[in-house]
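Q: After the C-alpha cells below, expect a handful of questions from me.
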Amino acid sequence: MERRDRVRLNTLEDVVDVAVDGDGRVVHDERWDLFAVFDGDVVYHYCRTGE
C-alpha cells in the first residue's frame, strides 16, 4: 500500500477550496461521512464525525 501524508481540514468548504485550487475532485466516503481530495502523495480531508 502506498503511503500518503494526511492533512486534516476544519470544514467541508476548505476541502472544496483545495479541490478547486488543484483542479481536483472531492471524494465522499458515506460510511465515515469523510470528504477528501487526493493531490499526489497528500490527502486533504474533513470528517463531520471526527477522526
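Values quoted throughout were computed directly from the atomic coordinates according to the rules given, and no laboratory measurement underlies them. Keep in mind that what you see is a predicted model, and the values were worked out from it rather than measured. For neighbour counting, all protein chains shown are included, and Cβ atoms are generated from backbone atoms with ideal geometry for every residue, glycine included.
Q: Report whether or not Arg4 is among the basic types (Lys, Arg), surrounded by 11 or more Cβ atoms within 10 Å (Cβ to Cβ) and out of contact with any helix residue (DSSP H, G or I) (no Cβ under 6 Å at 6 or more places or on another chain).
A: It is true that Arg4 is among the basic types (Lys, Arg), surrounded by 11 or more Cβ atoms within 10 Å (Cβ to Cβ) and out of contact with any helix residue (DSSP H, G or I) (no Cβ under 6 Å at 6 or more places or on another chain).
Q: On to the next question. Would you be able to tell me the number of residues in segment 12-36 that are under 14 Å from Thr49 (Cβ atoms) and in contact (Cβ under 8 Å) with a residue 24 or more places away in the chain?
A: Of the residues in segment 12-36, 1 are under 14 Å from Thr49 (Cβ atoms) and in contact (Cβ under 8 Å) with a residue 24 or more places away in the chain.
Q: State all residues of segment 7-47 that are surrounded by 14 or more Cβ atoms within 10 Å (Cβ to Cβ) and among the hydroxyl-bearing types (Ser, Thr, Tyr); if no residue qualifies, say none.
A: Matches in segment 7-47: Tyr44, Tyr46.
Q: Of all residues in segment 23-49, count the ones that are in contact with a helix residue (DSSP H, G or I) (Cβ under 8 Å, 6 or more places away or on another chain), in a strand (DSSP E or B) and aliphatic (A, V, I, L, M). Explain how you work it out, then say what you get.
A: In the first step, residues of segment 23-49 are kept if they are in contact with a helix residue (DSSP H, G or I) (Cβ under 8 Å, 6 or more places away or on another chain); the result is 24-26, 35-37, 39, 44-46, 48.
From the residues that got through so far, the ones that are in a strand (DSSP E or B) too are 35-37, 39, 44-46.
Retained after the next criterion (residues that are aliphatic (A, V, I, L, M)): 36-37.
Of the residues in segment 23-49, 2 are in contact with a helix residue (DSSP H, G or I) (Cβ under 8 Å, 6 or more places away or on another chain), in a strand (DSSP E or B) and aliphatic (A, V, I, L, M).
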